[in-house]
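Shown next, in structure tokens, is the structure this report addresses.
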Amino acid sequence: MSPGLEILAIVCGVLAVLLIVLLIYRSTLTMQEDDQLFLEESESHMAQAQTELLAKVSKINPVVKILGASCGLTFLVWLGLFVYQTLTAAPQ
């Protein structure tokens, strides 16, 4: 494997690890989210906590999409280069 392919594989791996960490973090945030919330004035702190939770999740979602697309694209480029180099290599 050429050094370029090794570097591309490392970059793809790092992006995949970052994506997995963000997905785990987002899932731990959404576990605390309530589907339905019945509030009285005495429970207004719960509404504020849900609003803050939704704000965190909405900040993470675009980053997850970008990382997912970047990881997928990097993998496809690596795969294409690997196949190309394999097919063009002289038989030994």
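All of the numbers you see were taken from the coordinates with simple rules; none came from a lab. Every value quoted in this text rests on a predicted model; they were computed, and no experiment measured them. With ideal geometry, Cβ positions are generated from the backbone for all residues, glycine too; neighbour counts draw on all protein chains shown.
State to the nearest 20 debye the size of the charge dipole of the chain about its Cα centre, where the only charges are +1 on K and R beta carbons and -1 on D and E beta carbons. Could the numbers behind the result be given before it?
Values: 4 positive and 8 negative charges, 142 e Å.
That gives the chain a dipole magnitude of about 680 debye.
Report, in degrees rounded to the nearest 10, the 0 to 90 angle that the Cα long axis of helix 3-31 makes with the longest principal axis of the chain.
So the inclination is approximately 10 degrees.
Mind listing the Cα extents of the chain along all three principal axes, in Å, largest one first?
Between the extreme Cα coordinates on each principal axis of the chain lie 78, 17, 16 Å.
Please determine, in degrees from 0 to 90 and to the nearest 10, the orientation of helix 44-88 with respect to the longest principal axis defined by the Cα atoms of the chain, where the helix direction is its Cα long axis.
Once rounded, one gets 10 degrees.
With each run of n ≥ 4 DSSP H residues scored as -39500 (n - 2.57), what mean residue ellipticity at 222 nm is computed for the chain after dividing by its residue count and rounding to the nearest 500 deg cm²/dmol? Display every interim value, and only then the final one.
Values: 2 runs with 74 residues, N = 92.
Rounded to the nearest 500, the figure is -29500 deg cm²/dmol.
Work from the charge dipole of the chain (Cβ charges, +1 for Lys and Arg, -1 for Asp and Glu, about the Cα centre) and give the residue of Phe75, Leu23, Ile7 farthest towards its positive end.
Most positive-ward Cα: Ile7.
Once you have the Cα-Cα distance between Ala89 and Lys65, take 0.36 nm times their residue separation minus that, and quote the gain in nm to one decimal. Could the numbers behind the result be given before it?
Numbers: separation 24, 0.36 × 24 = 8.64 nm, distance 3.59 nm.
Value of the extension gain: 5.0 nm.
So if each residue of separation counts as 0.36 nm, and I subtract the Cα-Cα distance between Gln48 and Leu22, what length gain in nm does that give?
Values: separation 26, 0.36 × 26 = 9.36 nm, distance 2.34 nm.
Gain on extension, Gln48 to Leu22, equals 7.0 nm.
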